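Remarks on the structure that follows.
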Amino acid sequence: MTDKHTRRPWRIVDEIGGDLYVRDDGGVIAFCAKPMRWEGQDDRYTSEMAECHANARLIAAAPDLLAALEKCVEHWRCVREGYSSISPEDIARAAISKAKGETT
């Protein structure tokens, strides 16, 4: 099965006019808009800008997180002992399916 998402690595292109872009060598993958800055709300702006950066980091890490989770599932499959009604493998597989946009 081939991945349907853009190949990694994904990286954050630092602020272009304050906005953040997550991209690979081929182009933009995601855009994180800079929040509006209102007079007297500097704390809110600072908090929202930090959240914007955190979101961009999470988006940029998504392919690596997915690959790591897939490796964990394979490891669990190889060494699994008896689990109760739902195994960590089942939970991880569901997360992988969700990340890939597959239906279960």
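The values are calculated or read from the model by the stated rules, or taken from the named source; none is laboratory data. This is a predicted model, so every value here is computed, not measured. Here the Cβ positions follow ideal geometry from the backbone for every residue, glycine too, while neighbour counts run over all protein chains shown. Calculation scope for accessible area: heavy atoms of the full protein, side chains included, ligands and nucleic acids excluded. Shrake-Rupley method; radii C 1.70, N 1.55, O 1.52, S 1.80 Å.
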Subset of the stretch 14-30 that is at pLDDT 85 or above and in contact with a strand residue (DSSP E or B) (Cβ under 7 Å, 6 or more places away or on another chain) - its residue that is surrounded by the fewest Cβ atoms within 10 Å (Cβ to Cβ): V28
The one condition in (1) over 19 Å from E102 (Cα atoms); (2) touching a helix residue (DSSP H, G or I) at 6+ places or on another chain (Cβ under 9 Å); (3) surrounded by 15 or more Cβ atoms within 10 Å (Cβ to Cβ); (4) not hydroxyl-bearing (S, T, Y) that P9 fails to fulfil: (3)
Number of the condition not met by G101 [criteria: (1) open to solvent by less than 70 Å² (accessible area, probe 1.4 Å); (2) modelled with pLDDT of 75 or more; (3) within 15 Å of the chain's Cα centre (by Cα)]: (2)
All positions within the stretch 70-93 that are open to solvent by less than 50 Å² (accessible area, probe 1.4 Å) and either part of a helix (DSSP H, G or I) or modelled with pLDDT of 75 or more (or both): V73, P88, E89, A92
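For the stretch 12-29, what are the residues that are part of a loop (DSSP other than H, G, I, E, B) and closer than 21 Å to A99 by Cβ? Step through it out loud before you land on a result.
Taking the stretch 12-29 and keeping what is part of a loop (DSSP other than H, G, I, E, B), we get 17-18, 25-26.
Answer for the stretch 12-29, where residues must be part of a loop (DSSP other than H, G, I, E, B) and closer than 21 Å to A99 by Cβ: just G26.
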All positions within the stretch 30-64 that are part of a helix (DSSP H, G or I) and touching a helix residue (DSSP H, G or I) at 6+ places or on another chain (Cβ under 8 Å): A62
